[in-house]
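The values are calculated or read from the model by the stated rules, or taken from the named source; none is laboratory data. It should be emphasised that the depicted structure is a prediction, and the values quoted were computed from it without experimental measurement. Backbone-built Cβ (ideal geometry, glycine too); neighbour counts: all protein chains shown. For the accessible areas, the whole protein counts, side chains as well, though only heavy atoms, and no ligand, DNA or RNA atoms are used. Shrake-Rupley method; radii C 1.70, N 1.55, O 1.52, S 1.80 Å.
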Amino acid sequence: MRTHRLVVLVLLLFVASSALFAQFKPRKDYVWARDISVAASPTITLDGILNEAVWAKAESVLVTYGTVDGNPGSGYKIMNGSGTPGNGANAVMKFLVNKTTNMLYFAVSAKDSSVGGNGWENSDGVLGGFYERAAREPNLGITLHRDFFISFVDSSAPNAGMNLTGGNLPSRGVIKAGLHVNGTANVDTTAGGARVADQGWVLEMSVSLDSLGYNANSATTDEVQMSIGIWDGDWTHGGGTSIATKNWWGNEWGNDGGGLAGRILVRNDVNVNTTSLPAYGFDAVVPNAANFTDPVIDGDLKDTVWSKVSSFTIQYGNSALRATYPTIGKDRSGNYMAKGTTAFDAGQAKIKMLFKGDKLYIGADVADKSLNSYVSDDFFDGIQVNMSVPVDSLYDKNVHAMAGRRFGMAVDSSAGATRGLWDLTGDSLFIKAVKYAVKLKPGSTVNNNTDVDAGYTAEMSIDLSKLGYGTGQTNKVVALGVNYHDYDIATDTSAYRVWWFREWPWKSSPAFLLLDNGTLVTGVADQAVGVAGEFHLIGNYPNPFNPSTKIQFRVPEAGTANVQVFDLLGRMVRETAVQVVGGTFEQAFNAASLASGVYFYRVEFVSQKTGAHNLSETKTMLLLK
């Protein structure tokens with residue numbers, strides 16, 4: 001339906017690095033918060049002194065003005081004044097948690113020779129927020145951003161302190177804070193005009209994880225998501241040239257829930273006595289197709305290798321499906337209705353990924369009953385991919401963070417003809433790196449609203465060696481998200497988009513993917529993106545069942561297999577941890593206490609050797625009583 005112009009967008013983000021072309025930097029988007037409930041003295045007093053023994057064992061994140069760490073979303077800029085700051089924001093953030101009370105403690109310790117402030121974006125302090133899993137933005141389905149703001153903005157008098165209220169979070173999750181200033185706030189000169197130098201300030205804060213929907217007392221890792229900016233207003237009361245800077249971890253600012261997030265990891269067995277922190281795996285593992293011929297980029301997904309790789313599904317309005325996404329994908333993924341109130345046809349996009357050599361391949365199999373050509377960013381049928389690559393010259397110089405680029409491909413009015421859109425036009429770097437094609441399924445047309453279409457398939461290859469990765473580098477890391485757009489015309493027009501991890505290049509958090517040379521695509525059909533080696537969810541039998549069934553899976557090595565079952569609302573109704581060695585296993589599931597209906601299940605495997613987390617595909621089973 002609609003002049004054969006089906007769009008597949010690829011938005012590529014570029015992360016700064018020390019060289020023009022360099023490998024993706026080590027991840028700095030997460031930090032462990034150790035549990036203090038096991039300590040001899042687990043009590044923390046919020047006074048900004050940090051003299052409790054447990055703080056010495058806390059993990060930390062360094063946030064420094066002028067440093068580009070390669071973390072998507074992080075950056076820095078001058079807020080007021082001009083020139084080169086001689087005393088830019090320089091802070092250490094520390095994190096602890098008490099699993100018994102489910103309280104998170106965090107501190108910001110800033111070196112600062114001029115403590116104080118004088119107005120908006122001209123003061124010392126912090127501006128950030130937590131992403132609240134307990135409440136979601138009704139139109140997007142993503143976790144809400146709950147703000148906190150503690151600063152000298154309203155406290156410019158000599159010796160004044162920061163406003164410690166921090167903004168209101170829901171329930172008992174109001175930020176509580178204590179401040180210690182090493183120096184004299186808002187006094188930059190003596191009575192005789194001589195410059196007065198301070199040493200810095202420390203904010204010590206706490207927030208209830210209960211109010212935000214996180215659980216520090218779980219056997220599986222939970223990711224508390226937040227963003228925080230460190231403000232530094234210098235010499236606003238004399239003593240030197242006034243200049244104010246800020247730098248941030250996760251996201252500069254945004255209270256709509258759409259920003260990027262840093263991850264604070266909590267787990268009930270990670271505490272101040274833990275000698276070696278668990279490895280935190282990637283959000284997914286992309287398999288290596290070295291044993292297969294290269295896919296032909298013609299859009300039809302008929303190459304043998306595609307049948308050996310499993311898919312993940314994106315669908316509008318399916319919150320239960322999103323609840324099965326790995327790590328923070330369940331929180332950051334969402335949907336948006338650009339036109340209409342209900343989806344005429346909530347189509348499905350099944351996304352597959354693999355790599356071979358220096359090329360990443362992405363395939364899409366889309367079921368869609370109404371195909372229509374591209375009108376605008378909110379009105380088209382297509383797939384959007386957001387990927388981060390280390391090209392230094394293309395990041396945003398204003399905020400020293402990743403910039404976004406938009407790629408598109410469209411099926412033209414001539415059947416089989418494809419043309420590029422946006423950054424795939426003209427003589428650009430991307431045209432040399434990206435190949436693409438889409439193909440309508442049999443019986444499908446574009447802009448013909450008198451028939452029922454089947455949908456389309458699409459393929460794309462991205463040559464990473466032309467986007468900063470270097471030829472032959474092993475185990476590449478890419479950060480990306482996928483967005484499915486659907487534009488339907490029936491008795492009423494509806495247009496919506498649904499995203500896996502990231503909505504736009506400037507929105508939400510990407511999935512960190514490992515392109516693992518050792519994870520080979522095998523002859524076994526439906527090998528899932530995100531599972532290493534022979535890790536595979538086989539299925540359950542019997543199905544349908546009443547009241548018991550057995551969930552069968554295969555793992556490559558020793559570790560812990562967490563068998564998880566969800567209801568149609570995405571609520572986890574059962575989780576069973578099983579210690580396994582390499583081989584095939586089955587776990588009994590008894591649903592005697594549950595109501596009849598459809599249930600989703602998956603397996604999370606944590607390697608004993610490496611600590612890496614791998615997540616299987618999600619399957620369904622039917623309980624009939």
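Would it be correct to say that D232 is in contact (Cβ under 8 Å) with a residue 12 or more places away in the chain, outside any helix (DSSP H, G or I) and crowded, with 19+ Cβ neighbours inside 10 Å?
Working: in contact (Cβ under 8 Å) with a residue 12 or more places away in the chain: yes; outside any helix (DSSP H, G or I): yes; crowded, with 19+ Cβ neighbours inside 10 Å: yes.
Criteria met by D232.
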Next on the checklist: Looking only at the stretch 83-116, how many residues end up being under 19 Å from D188 (Cα atoms) and among the small types (G, A, S)?
Outcome noted: 7
Checklist outcome for this item: From the option list G347, G334, single residue qualifying as within 21 Å of the chain's Cα centre (by Cα) and crowded, with 23+ Cβ neighbours inside 10 Å is G334
Item to check | Total residues in the stretch 275-321, condition over 25 Å from E503 (Cβ atoms) and under 27 Å from the mean Cα position of the chain (by Cα) | outcome: 9
Checklist entry - Any residue in the stretch 152-160 that is without any contact (Cβ under 8 Å) to a residue 12 or more places away in the chain, surrounded by fewer than 17 Cβ atoms within 10 Å (Cβ to Cβ) and of a type in the set (D, E)? => result yes
Item to check | Residues of the stretch 200-221 satisfying the condition of being in a strand (DSSP E or B), crowded, with 21+ Cβ neighbours inside 10 Å, of a type outside the set (S, T, Y) and out of contact with any helix residue (DSSP H, G or I) (no Cβ under 9 Å at 6 or more places or on another chain) | outcome: W201, L203, M205, V207
Checklist entry - What is the residue count in the stretch 538-593 for residues that are touching an Asp or Glu at 6+ places or on another chain (Cβ under 6 Å) and modelled with pLDDT under 90? => result 5
Next on the checklist: Residue under question is D377, and the condition is that it be within 30 Å of G229 (Cβ to Cβ) and of a type in the set (D, E); does it hold?
Outcome noted: yes
Next on the checklist: Residue under question is G192, and the condition is that it be in a loop (DSSP other than H, G, I, E, B) and modelled with pLDDT under 85; does it hold?
Outcome noted: yes
Checklist entry - Residue check: is F600 open to solvent by less than 30 Å² (accessible area, probe 1.4 Å), assigned to a strand (DSSP E or B) and in contact with a Phe, Trp or Tyr (Cβ under 6 Å, 6 or more places away or on another chain)? => result yes
Next on the checklist: Considering only the stretch 127-143, I want to know if a residue exists there that is open to solvent by less than 40 Å² (accessible area, probe 1.4 Å), at pLDDT 85 or above, in contact with a Ser or Thr (Cβ under 7 Å, 6 or more places away or on another chain) and charged (D, E, K, R).
Outcome noted: yes
Next on the checklist: Take the residues in the stretch 535-571 that are without any contact (Cβ under 8 Å) to a residue 40 or more places away in the chain and surrounded by fewer than 16 Cβ atoms within 10 Å (Cβ to Cβ); name whichever of them is nearest to A219 (Cα to Cα).
Outcome noted: K550
Next on the checklist: Testing G281 on (1) in a loop (DSSP other than H, G, I, E, B); (2) open to solvent by less than 10 Å² (accessible area, probe 1.4 Å); (3) at pLDDT 90 or above, one condition comes back false. Which one is that?
Outcome noted: (3)
Checklist entry - Any residue in the stretch 71-90 that is open to solvent by less than 50 Å² (accessible area, probe 1.4 Å), over 14 Å from K246 (Cβ atoms) and not in a loop (DSSP other than H, G, I, E, B)? => result no
